[in-house]
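The values are calculated or read from the model by the stated rules, or taken from the named source; none is laboratory data. Just so it is clear, the structure is predicted and the values come from calculations on it, not from any experiment. Methodologically, a virtual Cβ is constructed for each residue, glycine included, from the backbone with ideal geometry; neighbour enumeration extends over all protein chains shown. To get the accessible areas, we keep the full protein, side chains included, count just its heavy atoms, and leave off ligands, DNA and RNA. Shrake-Rupley method; radii C 1.70, N 1.55, O 1.52, S 1.80 Å.
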Amino acid sequence: MPRIELRNITKKFGNFVAVDNLSITIEDGDFITLLGPSGCGKTTTLRQIAGLEMPTSGEILIDGRTVFSAEKSIDVAPKDRGVGFLFQSYALWPHMTVYKNIAFGLENLKWPRDKIDARVRELLSLLKIEEFPDRYPSELSGGQQQRVAIARTLATNPRVLLMDEPLSNLDAKLRMEMRAELKRLHHETGATFVYVTHDQLEAMTLATKICLLNRGLLQQYEAPLSVYNRPRNVFVADFVGNPTMNLVEFDVEKTEADSVYLSRDGMKAVFTLAKDSGRLSTGDSAAGGPGASAHPAARQGDSEPQGTVGGASERGDLSRLSGRVTIGVRPENVEVLGVALPTEAEGGATSRAGKTSLRTRVDTSLPSGMETVLNLRTAGGVMLSVVMIGSVDFAAEEELEVGFKPGRVLLFDSDGTLAASGSLCFE
Amino acid sequence: MKLTFKLKSFFRKPQNIILFVVCVVLGYLTLFPLYSMLRDTLTAHVSEARRLGVKAGSMTWDHWKRILFDKNSRTVFYRPLVNSLVTSTAACVISIVFGGIFAWFITRTDLKWKKTLSSLFIFPYIMPSWTLALAWLNLFKNSLVGGSDGLFTAITGVATPNWFAYGAFPISVVTGLHYAPFAYIMIGGILRNADSNLEEAADLLGTTRWRRLWKITIPMIAPAIFSTFLLVFSSAMSSFAVPSFLGLPVRYQVLTMQLYRTLDGVSPGQGYAIALLMILISVGVLAFNQRITNSRRNFTTVTGKSGGVSLVCLKRSRGVLSAVFLGLILLVSVFPLFTFALESLIIHPGDYRPSNFTLDFWISRDNTARLTTGEPGLLLNPALWAALWNSVKLSVTCALAAGTLGFLAGYAIVRGRGTRLAKAVDSLAFFPYLMPAMAFSAIYLSMFSVRHLFLPSLYGTFFILALIGTVKYMPFASRSGINSMMQLSGQIEEAGEIIGIGWWRRMTRLVVPIQKSSFVSGYLLPFISCMRELSLFVLLCTPQNRVLTTLLYYYNEKGWSQYSNGLNLLIVIIVIVVNWTVNKTTGASIDKGIGG
Ligand SMILES: Nc1ncnc2c1ncn2[C@@H]1O[C@H](COP(=O)(O)OP(=O)(O)OP(=O)(O)O)[C@@H](O)[C@H]1O
Ligand SMILES: [Mg+2]
């Protein structure tokens, strides 16, 4: 079973760098999603693995075999790489029936007729499209066409399945179904899946690991929950999660080994390093980089943020921080402590460095049944989104006391890299 | 990266091999002739050596001086140039207005008999260009310049004035009508795809009809108008037959007539100089066209298929307008055929009494009684059968060669989009369209009538006719190839590539079957064009390998109008029958070829 390695892959179109020095290893049997905003190089990366596009430099290995290397002048043809490719537009052959679409590649391989027939029947039932082998693609619904495309791709038993936004043409409900279907297929075929999407929810639910790109550069390559809970930088933090993470910039006033004093527009706050800092920073390694590897265990393991991250050993203490930093809190990690009472104007629980709560006003409240999204405004004009389980309705302009869950506040340094996780209190 | 590796991976893509081969071959077959032309304009021809007092083959500026800076330049060059520009521009305007209005009525109103009308409307283009010119003469010629009166005068007794019967006016009208199908196909193509909601939105805002036409509809179809202009202008400027039929009687000269005069022996250098200037003008129009369409690309993207285009209801004028269009189109498309049939049956031209009719020119074994030579009637004439066989052989060869090459070129251009090589081949494949046919054939004559590289002398051979026809008609095929490949997503092919289908099988089992009708269309246009081509072959054909059109020209020069009319009718019928058959059996059509 194959493992795919990209080593320092760069792809230029003229002077434009579409993929910039990308190195990742996809382990055998993984389900990887390539995630990122439009134009970040996802399709290009996928096509390079398939051999449909030639990298400008770098190396690609599939199953230990070098299939592309600019230095060694190797470029294996797509058909000899043992990969299947599922196109966004399905690319079914309109002049062939469903049966023929699936059988064509096998005929080309000179399989005997009865074996072809058996294989096609098998795929038709695997994908639950037994009823229409004789229809033409134009006579099928989007979801059915999608299944035919998958069946065609699986026919020759590729050990790697590359998929370029295969669900983007389907409606929301069908998409949910097909997602489950893909997960089942991954399980049943045991192949390595690489899946392109710009839908982060899809990436979260499907993948064993997410490879997040921006402008051709690798941002983070880790299990979905790690990416969610410990985004390596501000871009990832902002891109993953819905509603998006609350990100607020502060100036560093003063630093100590385990705390930073911050200020903005008359608001002062203290960030304190989580107590059990460093516990995880050695095990589940930092994002990306050559040699970054998947640990299936990482999914089950507690991948919640703990203390300093991102090469903790050299960044261990906070005293090196300066300039403008960013504080990030996921909406579900903001807690509504209660309706603020006028008498309690100066109130709130206090900790070592000050209060742990903040007074805000309700801007909008959007209950959706299962949860409620609140948009709050602080005295300094900072907007905060908050997710509460259950439906609670607050009136606009109502005053609320909120606090951030201890240990769940992220601190990004002045170049946007995640520096530490901890707690925040206010002065 | 190592160079050999780069080259190897470059040529591993089939489109790059095709681009490379086409680039070399077309470069040799188009740019080299261009260079030879330029060289010939600067060297003294054998027939001029004495006059110039230099050795034949030595360098001279005489040709350029003579056409540009001589006291005769006015008659030799400037006057014909102005006439060419005037008639070509007028022809463009006529074809765009006529074709455009027709396209609008067909796509946007509830006109009756749309199917019949639109297939009849294409007729003038599939008929030889001089067909309408001959019909015009049959109808409107007068006896002022010698000869007999036309049908119109015979019936009404009204003599047509010279300006109406000959010269700039009929040349423009006839050429304009001949190319109106271009405009119809291109403008109709955009109107059919464009969202009529755009126009309706303007209606809702209370725009007046005229404002809407000017502000929305015209800008929307502007790219089609410019492309039509380019195609019609270059063709009109290099057309020879129409101006010579309609201009000669009153000595109305255009550039191609000067080309014919100088290229046919006297002073080819001057001819090539004129040809180069004509090419320059065409290239100028092309460049202008490209700039305009590029800056207006935003309009061409308005082609999202809209659900229902709501048709303008013509109400009470529906019947009248439909009848008017039918009448006009019958007049242009069907009536000429009738006049040819008529003229081929008449013993003394101009006399339409029943006693003057005979079938002798079709079926008599020996016409000694009527003509000085005993030319047998058309259907029994061995010369005609030989020419017919030759024409069919030639057209099929050219169609196969140009169609295949053009399709491959179109395929490779689209697949290699964005690379410099693809751009080069794109322009190179269109270039023969801009070459005046007559000059093109003259230079082939001079290049290939002597041993050339590895080729023996080709003068008088079938091969040289096939070669020049292939190159000249390749632009049609490559255009249609590009059009059809643009509609086919590259992923369709990649889906095959990745499961190991080789290139040849991808082409024959996927690409061609999916695009079958536009694929065949790429062969249809070269075939039709070749069947009715005159100027390209008139210099290259020897009496031994005449084709139908050069035979027609021969009859015309002899003044045997019954024969030329009859033969013309035959050519038109053959072309129409082939077009119809191909259309019915494969769905291919010339609109698909031109790219509507
Ligand atoms: N053939 C090409 N020539 C030039 N530029 C290209 C080409 N293909 C892609 N690019 C550029 O490379 C960048 C990455 O393209 P790519 O198709 O990989 O994006 P993507 O991440 O798949 O985006 P999307 O989510 O929109 O599909 C884009 O900016 C695109 O414009
Ligand atoms: Mg993409």
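List of remarks:
- 3J(HN,Hα) along segment B:109-117, derived from phi through the Karplus expression 6.51 cos²θ - 1.76 cosθ + 1.60 where θ = phi - 60°, amounts to 10, 9, 4, 7, 6, 4, 4, 4, 4 Hz, with x in place of Gly and Pro.
- Between B:T4 and B:L31, the C-beta separation translates, for a Förster distance of 41 Å, into a calculated FRET efficiency of about 0.90.
- The HN-Hα couplings worked out from phi for segment B:563-575 by the Karplus form 6.51 cos²θ - 1.76 cosθ + 1.60 (θ = phi - 60°) are 5, 5, 5, x, 5, 4, 4, 4, 4, 4, 5, 4, 4 Hz, whole numbers, x standing for Gly and Pro.
- Ratio of the Cα radius of gyration of segment B:494-596 to 2.2 N^0.38 Å, where N counts its residues: 1.51
- Rounded accessible area of B:M438 (nearest 10 Å², 1.4 Å probe): 0
- Residue-by-residue Karplus 3J(HN,Hα) for segment A:189-206, coefficients 6.51, -1.76, 1.60, Hz, glycine and proline x: 8, x, 7, 8, 10, 10, 10, 9, 7, 10, 9, 5, 5, 4, 4, 4, 7, 8
- Given charges at Cβ of Lys, Arg, Asp, Glu: chain A dipole, positive-most of A:T44, A:L366, A:L318: A:T44
- Between segment A:382-427 and segment B:551-574, the alpha-carbon center distance in angstrom: 92
- Student exercise, the protein assembly as shown dipole from Lys, Arg, Asp, Glu Cβ charges, in Debye to nearest 20: 4140
- Averaged over peptide A:101-113, the number of partner chain Cβ atoms lying within 10 Å of each residue's Cβ comes to 2.
- For the pair A:R121 and A:Y136, the difference between a 0.36 nm per residue extended length and the Cα-Cα distance amounts to 3.7 nm.
- For peptide B:496-506, the mean count of partner chain Cβ atoms within 10 Å of a residue's Cβ comes to 6.
- When chymotrypsin sites (Phe, Trp or Tyr not before Pro) are flagged only if DSSP places them in a loop and at most 12 other Cβ atoms lie within 10 Å, the longest unflagged stretch of chain B comes out as B:70-453.
- Proximity of backbone amide H atoms, modeled 1.01 Å from N, is registered between A:Q88 and A:D164 at under 5 Å, excluding neighbours fewer than 5 places apart on the same chain.
- Chain A, relative contact order in percent, only Cα pairs under 8 angstrom and at least six apart counted: 15
- Of A:H198, B:H63, the order by accessible heavy-atom surface (1.4 Å probe, DNA, RNA and ligands excluded), from most exposed downward, is A:H198, B:H63.
- Separation in nanometres of the label points that stand 7 Å from Cα toward Cβ, at A:N157 and B:L42: 6.9
- Taking amide H as placed 1.01 Å from N in the peptide plane, the amide H of A:A18 sits under 5 Å from that of A:K11, A:K12, A:F13, each at least 5 places away or on another chain.
- Where a label projected 7 Å from the Cα of A:R361 along Cα→Cβ would reach, residues of segment A:378-398 with amide N under 19 Å: A:378-386, A:394-398
- Site pair B:H452 and B:K558 shows an inter-label distance of 3.2 nm when each label is modelled 7 Å from Cα along Cα→Cβ.
- Computed E for B:T508/A:S368 - FRET, C-beta separation, R0 45 angstrom, nearest 0.05: 0.25
- Whichever lysines have a C-alpha closer than 16 Å to that of A:K72, once near sequence neighbours (fewer than 8 apart) are set aside: B:K2, B:K6, B:K8
- Using 0.36 nm per residue and subtracting the Cα-Cα separation, the extra length available between B:S489 and B:T116 on full extension is 130.9 nm.
- Solvent accessible area, Å² - A:H187, 1.4 Å probe, full protein context: 150
- Nitroxide proxy distance, nm - points 7 Å out along Cα→Cβ at B:V158 and A:T56: 7.3
- Protein-only accessible surface order, largest first, of B:L144, A:L217, A:L206, B:L137 at 1.4 Å: B:L144, A:L217, B:L137, A:L206
- Built amide H within the under 5 Å cut-off of A:G338, gap 5+: A:E401
- Segment A:27-94 and segment B:480-509: distance between their alpha carbon centers, rounded to Å: 19
- Total charge dipole magnitude, segment B:9-105, about the Cα centre, Cβ charges on Lys, Arg, Asp, Glu only, Debye to nearest 20: 220
- For segment A:4-229, the mean projected area of the C-alpha convex hull, equal to one quarter of the hull surface, is 12.7 nm².
- The orientation-averaged shadow of the Cα convex hull for the protein assembly as shown, equal to a quarter of the hull surface, comes to 55.6 nm².
- Isotropic mean projected area of the C-alpha convex hull, chain A (nm²): 23.9
- When only the Cβ of Lys, Arg, Asp and Glu is charged (+1, +1, -1, -1), the dipole of chain B relative to its Cα centre reaches about 1580 debye.
- Each residue was assigned an accessible area with a 1.4 Å probe, and for B:K114 the value is about 50 Å².
- Listed by chain and number, the lysines whose alpha-carbon sits under 21 Å from that of A:K173, ignoring those within fewer than 8 places in the same chain, are A:K128, A:K183.
- Taken along its principal axes, the alpha carbon cloud of chain B reaches lengths of 74, 73, 50 Å, longest axis first.
- Secondary-structure-derived ellipticity at 222 nm for chain A, considering helices only, amounts to -6000 deg cm²/dmol, per-run term -39500 (n - 2.57) for DSSP H runs with n ≥ 4.
- Calculated FRET efficiency for the pair B:K71/B:R417, C-beta based, R₀ 51 Å, to 0.05: 0.45
- Rg/Rh (Cα only; Kirkwood hydrodynamic radius) as it applies to segment B:1-131: 1.21
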